[in-house]
1. Those residues that are at pLDDT below 80 and either over 20 Å from Arg251 (Cβ atoms) or in contact with a strand residue (DSSP E or B) (Cβ under 9 Å, 6 or more places away or on another chain) (or both), I need them from segment 110-129; list them, please.
2. (1) in contact with a strand residue (DSSP E or B) (Cβ under 7 Å, 6 or more places away or on another chain); (2) modelled with pLDDT of 95 or more; (3) open to solvent by less than 40 Å² (accessible area, probe 1.4 Å): which one isn't true of Leu107, the others all being true?
3. With the requirement that a residue be open to solvent by 60 Å² or more (accessible area, probe 1.4 Å), in contact (Cβ under 8 Å) with a residue 60 or more places away in the chain and under 24 Å from Asp58 (Cβ atoms), what does segment 121-164 give you?
4. Pick from Ala222, Ala215, Ala235: which is among the hydrophobic types (A, V, I, L, M, F, W, C), open to solvent by less than 20 Å² (accessible area, probe 1.4 Å), within 26 Å of Gln138 (Cα to Cα) and modelled with pLDDT under 95?
5. Could you identify the single residue in Tyr67, Tyr71 that is outside any loop (DSSP other than H, G, I, E, B), at pLDDT below 85 and open to solvent by less than 70 Å² (accessible area, probe 1.4 Å)?
6. Could you count how many residues in segment 243-283 are at pLDDT 95 or above and among the polar types (S, T, N, Q)?
7. Where residues in segment 25-52 are polar (S, T, N, Q) and in a strand (DSSP E or B), which of them is nearest to the chain's Cα centre (by Cα)?
Amino acid sequence: MFNPSVKNCWLWLLPALITGCQTAATINTVKLPSAAASTIKTVRITSVEAPPLEVLPDLLETRMPNYAHEYNMVLPVTSQEAVYRSPGGILIAGKVGHGDSVETVDLSKNGDAADQIKHWTPTLELSSIAQAQLDAAQIKTELSPQTALLPIAADERNANVGHWRGAVARWYAQNAPAAVDRTDAVDAVLEVGIGQYRIFEGQTSLQVLIKLVDAHSGQVLAKTGKKTWLTGETAQALLYPEGERFKALVRENGARLIAEAMQDIGLTPMRVSQLSEPETTARR
């Protein structure tokens, strides 16, 4: 007899699998004119809000095995879609059960500084990496302490990853700064964002997006994106007990993607070969 839980699982996975094949933004690369590159001596680096991590298959049954049998129970065991904070502060979009060990997060109220410090923000990590690379290229930098929010409505700041993909695409397409900061003291602002950001059946995909904005006119001077697929470790191995292996994966491979992206737009002459090669990386 056909198990209704299998049918329900595939119905739930289908839209995610379809949308997961799409990139978060249409990546059209705009290169920095060589004349403009020579005038950029100081850069302010701003991290852009990252979408919550997408994990498939969902981790609920790993945390609470009884949910694997919810359709065979006399009393229904219900779950809900939510953004939650996993151990180590990583934000994940997925299922949360009654009495779950993870803490749900209301991102519609994003902007509460006290709450934001509880989250691990991958773009902050990548911004620090970009700062180190620019400093090494003799470009003076300053790091913005605030994360620029994605252009997404409060009621769409939920576990629907499609909403976040749309917001990333809008940010990448807009010819304006992501945040209103005083930037008179620098020549340009480097915005660092994330597009594809998911773990699917032991394969992690990470897409780094950068935009270089004229600090005075607010016009986008250059932009590009780089993506990598990493295989070999399951979501459970990466995210538990405190997510350190996943964070290290993002840092190590993000450093390479940042270097490739900045070299691509002509911002820095740093060679990608100067960075060590991660073992389980297949780039495209």
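The values are calculated or read from the model by the stated rules, or taken from the named source; none is laboratory data. Remember, predicted model here, so these are calculated numbers, not experimental data. FYI the Cβ positions are ideal-geometry reconstructions off the backbone, even for glycines, and counts take in every protein chain you see. Ligands, DNA and RNA are stripped out before the accessible areas are found, and what is left, the full protein with its side chains, is counted by its heavy atoms. Shrake-Rupley method; radii C 1.70, N 1.55, O 1.52, S 1.80 Å.
1. First, the residues of segment 110-129 that are at pLDDT below 80: 110-118.
Result: Asn110, Gly111, Asp112, Ala113, Ala114, Asp115, Lys118.
2. (2)
3. Passing the criteria: only Asn160.
4. Details: Ala222 fails: modelled with pLDDT under 95; Ala235 fails: within 26 Å of Gln138 (Cα to Cα).
Ala215 is the lone residue from the list that is among the hydrophobic types (A, V, I, L, M, F, W, C), open to solvent by less than 20 Å² (accessible area, probe 1.4 Å), within 26 Å of Gln138 (Cα to Cα) and modelled with pLDDT under 95.
5. Among Tyr67, Tyr71, only Tyr67 is outside any loop (DSSP other than H, G, I, E, B), at pLDDT below 85 and open to solvent by less than 70 Å² (accessible area, probe 1.4 Å).
6. Matching residues across segment 243-283 total 1.
7. Let us first name the residues in segment 25-52 that are polar (S, T, N, Q), namely 26, 28-29, 34, 38-39, 42, 46-47.
Then drop every residue that is not in a strand (DSSP E or B), which leaves 42, 46-47.
Numbers: Thr42: 26, Thr46: 14, Ser47: 11 Å.
Out of the qualifying residues, it is Ser47.
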